[in-house]
Amino acid sequence: MDSFFIYSDESSHFEYSPDHPFRPERALNLKNLLEQYDLINKSWIKVVPPEPIPEEILLLFHTKNYLKVLKSASKGEITEETLRAGLGTSDNPIFKDMFNKSNLASGGTLVGTRLVLEASDRAFAFNPTGGFHHAYPDHAEGFCYINDIAVVGKMLRRDGLRFAYIDIDAHHGNGVEAAFEEDNGALVISMHQTGKTIYPWGGFEDNIGKGVGEGYNINIPLPPQTDDELFLKAFFEIVTPAVEAFAPDIVLAEMGTDTMANDPLTNMALTNNSFEMMALEIGKFSKKLVGMGGGGYNIDNASRSWAVAWAAINGIKMENPYAGILGGVMVGPEIEGGTLLDNPIYITGPTKEKNEKEVDRVIKYIHDVGFPKIGAVG
Ligand SMILES: [Zn+2]
């Protein structure tokens, strides 16, 4: 196996605005944890810097006009078009060098994809600064300016490759869905807190794709307070059989950590114990895998969860879970006891019973309506 951690100090050193919840420094925190826990200095692992995405590749998804407006706004040139492109809002503020910073953060996904495709054997790349699943061809939204996933997905399709996209971020991957909903060469799966309760207010189970793409778009909306047990149930009963039936050339995974119980922007109840199990499973069924960071607004939890997922996919057992403690003093974001894993959370009582019924209903719907169209067996 070849494994690539896509990182440079430059790509993690910027901010949208001082109080914006999206913190690119999560990538630096993650790198520090990987070093601290001896999860990166291995013969099969390389640290590779991201590169900006060339314009002709960006244009496979984004419009020429949007890129022009994005570049102009980066230089402080604001027109009526700027706001129409979703720029200058509290979610997507205009910041210095916005185009270049966003394009570098997104570019890690392209670099990772190329490395994984070039590798002769199984390969994995992780771009902690990528995963901008909400950006559209002509506008920014939901903290996303350049949609690295849609851009890379369009490139893969141009080159005749079939890909599966797995999105376990707490928000529906609306921009990616819109890019591939009429394409049967892209299996797009989004698990998320239901759009009845949270941005982007869509992603219901009956959006199954259009035309030849019918069945190849899978939405798994989940109720608030969904816990590890129910999230894993939906994952193993839908994602695994769907991807195995589809047999993609490459898998892209948006591994947002905003599903965690302590995330300030969402209402899910996961811990990184289920995150680890999903990472292990995705690593198992993907010969070529590109992971991206995505959401995650409790920044300590985000880097911890990604470190756990990284170790799982790379097959590294965390030899020294107490490496985070020096002389009894915590030096990192580890929870008490020095392990990177969270304490488990079990939701019980009426909320759990209601949620279990709802999750079972969604699983059955997808098994009955979507699965026959893609030859998957639930
Ligand atoms: Zn999110």
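We did not get these values from a lab; they are worked out from the coordinates using the rules stated. Small disclaimer: the values here were computed from a predicted structure and weren't measured. No Cβ is skipped: glycine too gets one built from the backbone with ideal geometry, and neighbour counts run over all protein chains shown.
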Gyration tensor verdict on the range 1-99 (Cα atoms; rounded if a/c is under 1.5, prolate if a/b is larger than b/c, oblate otherwise): oblate
Whichever lysines have a C-alpha closer than 20 Å to that of Lys196, once near sequence neighbours (fewer than 8 apart) are set aside: Lys352, Lys354, Lys357, Lys364
For the range 37-153, size of Cβ-based charge dipole, Lys and Arg +1, Asp and Glu -1, in debye: 200 debye
Sequence-distant residues sharing a close amide H with Gly130 (under 5 Å, placed H): Gly293, Gly294
Hz values of 3J(HN,Hα) by residue in the range 34-44 - Karplus curve (6.51, -1.76, 1.60), Gly and Pro given as x: 4, 6, 4, 9, 6, 10, 9, 7, 10, 4, 8
The range 2-374: antiparallel DSSP beta bridges as a percent of all, rounded to 5: 10 percent
Backbone HN-Hα couplings from phi across the range 59-64 [Karplus 6.51/-1.76/1.60, Hz, Gly and Pro as x]: 6, 5, 10, 7, 7, 4
Ser90 paired with Asn343, simple spin-label distance in nm, labels 7 Å along Cα-to-beta-carbon: 3.3 nm
Inter-site label distance for Glu25 and Asp138 at 7 Å from Cα along Cβ, in nm: 3.8 nm
Computed magnitude of the charge dipole of the chain (debye, nearest 20; Cβ of K, R +1, Cβ of D, E -1): 560 debye
Fewest-first sequence of Ile168, Ile345 by Cβ atoms within 10 Å of each Cβ: Ile345, Ile168
Extension gain, Asp9 back to Val377 (0.36 nm per residue minus Cα-Cα distance, nm): 128.0 nm
Length gained when the stretch Asp360-Leu280 is fully extended (0.36 nm per residue, less Cα-Cα span): 26.5 nm
For Ile218, distant residues with modelled amide H under 5 Å away: Val188, Ile189, Ser190
Normalised contact order of the range 90-245, rounded percent, pairs of Cα under 8 Å and 6 or more residues apart: 15 percent
Burial order of peptide ranges 286-295, 357-366, 243-252 (average beta-carbon count within 10 Å, highest first): 286-295, 243-252, 357-366
Relative contact order (percent, whole number), the range 2-374, Cα cutoff 8 Å, 6+ residue spacing: 18 percent
Computed FRET value (nearest 0.05) for Glu244 with Ser17, which takes r as the C-beta separation and R₀ as 30 Å: 0.10
Within a Gaussian network of the chain (alpha carbon springs, distance under 10 Å), most fluctuating of Ala73, Ala302, Ala150: Ala73
J(HN,Hα) series, the range 298-305, from Karplus relation 6.51 cos²θ - 1.76 cosθ + 1.60, nearest Hz, glycine and proline x: 9, 5, 5, 5, 4, 5, 4, 5
Rg to Rh quotient for the range 2-374, alpha carbon positions, Kirkwood Rh: 0.95
Cut-off under 5 Å, modelled amide H: who pairs with Glu141 long-range: Ala135, Tyr136
Where labels lie 7 Å past Cα in the beta-carbon direction, separation of Ala178 and Glu35 in nm: 4.0 nm
Neighbour-count ranking [beta-carbon atoms within 10 angstrom, fewest first] of Thr266, Thr82, Thr129: Thr82, Thr266, Thr129
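Which ordering of Asp148, Asp138, Asp258 is given by a fewest-first count of other beta-carbon atoms within 10 Å? Show your work: numbers first, answer last.
On the way: Asp148 35, Asp138 15, Asp258 25.
Ranking Asp148, Asp138, Asp258 by Cβ neighbours within 10 Å, fewest first, gives Asp138, Asp258, Asp148.
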